[in-house]
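These notes are about the structure you will find just below.
The values are calculated or read from the model by the stated rules, or taken from the named source; none is laboratory data. Given the structure is predicted, the values throughout are model-derived calculations rather than measurements. Cβ atoms come from the backbone with ideal geometry, glycine included; neighbour counts cover every protein chain shown.
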Amino acid sequence: MDNGIKQSVLNIGTLGHVDHGKTTIVGALTGMWTDRHSESIKRNMTIKLGYADTIIKKCNGCTGPEAYTVGDKCQGCEGNPEPLMRISILDAPGHETLMATAIAGANIINAILFVIAANEPCPMQQTKEHLMVINLLGIKHAIVIQSKVDIVGKEAAAKHYNQIKEFLKGSVIEDAPIIPVVASKGINIDVLLEKITELPKPEHDSNADPIMYIARSFDVNRPGAKPGSLKGGVVGGTIIRGKIKLGDEVEIRPGIRIIGKSKKETYKPVKTKVSGISNGEIQLEEAYPGGLIGLSTEIDPYFTKADGLVGNLLGKPGKLPEVLTTITLKYHSLKRSDLQEHGVSENEPMILSIGTLTVVGYVKSAKRDTIKLDLKHPVCAEKGSKIAIMRNVSQRWKLTGYGISE
């Protein structure tokens with residue numbers, strides 16, 4: 001399999017303040033509008049993770065940025081460019097009340113497109129918080145996009161560029177390239193594509209027992225479909241190690257939610273068979289780490305509809321971590337100038353981002369830097385996982401630190 005073309009070699013996330021142009025930039029790179037969720041359209045902002053694949057092409061007859069395109073014709077000579085690499089882009093929410101979704105997306109990405117609009121001072125509040133996410137998760141590979149430069153003028157754009165440089169000092173991405181872009185007119189998109197091709201490709205162990213983070217799940221059946229024609233549920237996400245083949249038996253944990261006669265909610269791990277593997281419209285025989293992959297299964301689509309299995313882990317039966325209803329974390333507090341963090345108290349609620357899952361936990365005990373929490377929903381998490389933590393400070397949920405699972 002030509003893994004570089006049939007399957008993405010990079011998961012690239014977009015982060016940045018609300019309305020700074022992230023979704024428009026993704027559209028310029030992929031030709032797709034990633035806000036498909038009805039509430040996102042209604043409120044004109046990203047709420048759930050958007051996603052899109054694109055193939056970067058290069059014209060061998062040209063040099064410089066103009067040789068790079070996602071179209072069928074070279075921008076420089078009108079020649080036919082050759083496919084170079086496939087990438088997956090995740091469009092994460094920018095609004096501060098939706099930071100948990102952004103953090104969840106950051107757990108499955110390899111690099112960042114950090115979007116900062118030139119028509120507002122840098123940094124805005126969510127710009128600060130998203131840089132905290134980048135530092136928190138140690139995502140060292142980034143490209144900073146200075147958007148909306150066309151509406152501020154040359155001098156203002158240059159001043160804003162210096163603000164960005166100052167803002168990034170001391171962070172893990174302080175040396176990231178800063179590219180001014182006008183996405184709506186396609187200006188400097190070729191420069192951005194060239195920089196993306198220069199990002200290092202992650203190394204994965206494809207021979208290990210596979211683990212896949214489930215980031216989306218669907219019912220692909222049309223309304224009114226007859227029982228005999230119904231298709232099993234589909235899960236989408238990223239394989240972080242190992243490989244998954246067509247026909248493999250897999251297990252999903254914590255699994256499907258079941259409401260008993262007593263109205264008590266329980267979760268049951270589910271075993272199923274991989275009946276199809278896709279990367280967009282491309283059907284695969286096997287999938288490796290890299291990109292967003294869709295797996296067709298034999299699960300009742302009732303359980304996969306409306307992202308019902310998001311946050312689960314998928315892997316070989318008996319090879320996944322244990323399901324937890326309580327979790328113990330070594331807590332590391334972020335030093336934030338915009339808030340004074342108070343001590344952890346018993347029964348305090350916290351929002352935890354574990355892989356692609358966002359879950360509420362209630363503090364059971366806290367001793368020095370060790371916190372034990374009862375979880376509202378069970379989770380499947382490996383020991384040593386880095387988990388983002390949000391606390392309610394002055395009636396707002398704020399990213400205050402992270403925990404290492406024990």
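Restricting attention to segment 137-173, the residues that are of a type in the set (Ser, Thr, Tyr) and part of a strand (DSSP E or B) add up to 1. Looking across segment 225-284, the residues that are of a type in the set (Gly, Ala, Ser) and more than 26 Å from the chain's Cα centre (by Cα) come down to ALA225, GLY228, SER229, GLY247, GLY260, SER262.
Looking at segment 274-283, can you tell me whether even one residue there is in a strand (DSSP E or B), outside the structural domain of LYS226 (by TED's automatic domain parsing) and surrounded by fewer than 21 Cβ atoms within 10 Å (Cβ to Cβ)? No, segment 274-283 contains no residue that is in a strand (DSSP E or B), outside the structural domain of LYS226 (by TED's automatic domain parsing) and surrounded by fewer than 21 Cβ atoms within 10 Å (Cβ to Cβ).
Selection of first residues in segment 265-294 that are over 17 Å from LYS243 (Cβ atoms) and of second residues that are of a type in the set (A, V, I, L, M, F, W, C), restricted to Cβ pairs under 6 Å at least 6 apart or on distinct chains, gives the following pairs, ordered by first then second residue: GLU265/ILE259; THR266/ILE258; LYS268/ILE256; LYS268/ILE258; VAL270/ILE252; VAL270/ILE256; THR272/ILE299. Report yes if some residue within segment 213-221 is over 20 Å from GLY308 (Cβ atoms), touching a residue at least 40 places away in the same chain (Cβ under 8 Å) and over 20 Å from the mean Cα position of the chain (by Cα); otherwise report no. No, segment 213-221 has no match at all.
If you go through segment 288-327 and pick out every residue that is out of contact with any Leu (no Cβ under 8 Å at 6 or more places or on another chain), surrounded by fewer than 19 Cβ atoms within 10 Å (Cβ to Cβ) and of a type in the set (Ser, Thr, Tyr), you end up with 1. Looking only at segment 340-368, residues that are surrounded by 14 or more Cβ atoms within 10 Å (Cβ to Cβ) and either assigned to a strand (DSSP E or B) or more than 22 Å from the chain's Cα centre (by Cα) (or both) come to 18 in all.
Each row is one residue, and each column tells you yes or no for (1) among the basic types (Lys, Arg); (2) more than 18 Å from GLN7 (Cβ to Cβ).
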| position | (1), (2) |
| --- | --- |
| ILE179 | no, yes |
| THR238 | no, no |
| ARG253 | yes, yes |
| ILE277 | no, no |
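Checking each residue in segment 314-334 for being part of a strand (DSSP E or B) and either under 21 Å from VAL235 (Cβ atoms) or not charged (D, E, K, R) (or both) picks out LEU314, GLY315, VAL323, LEU324, THR325, THR326, ILE327, THR328, LEU329, TYR331, HIS332, SER333.
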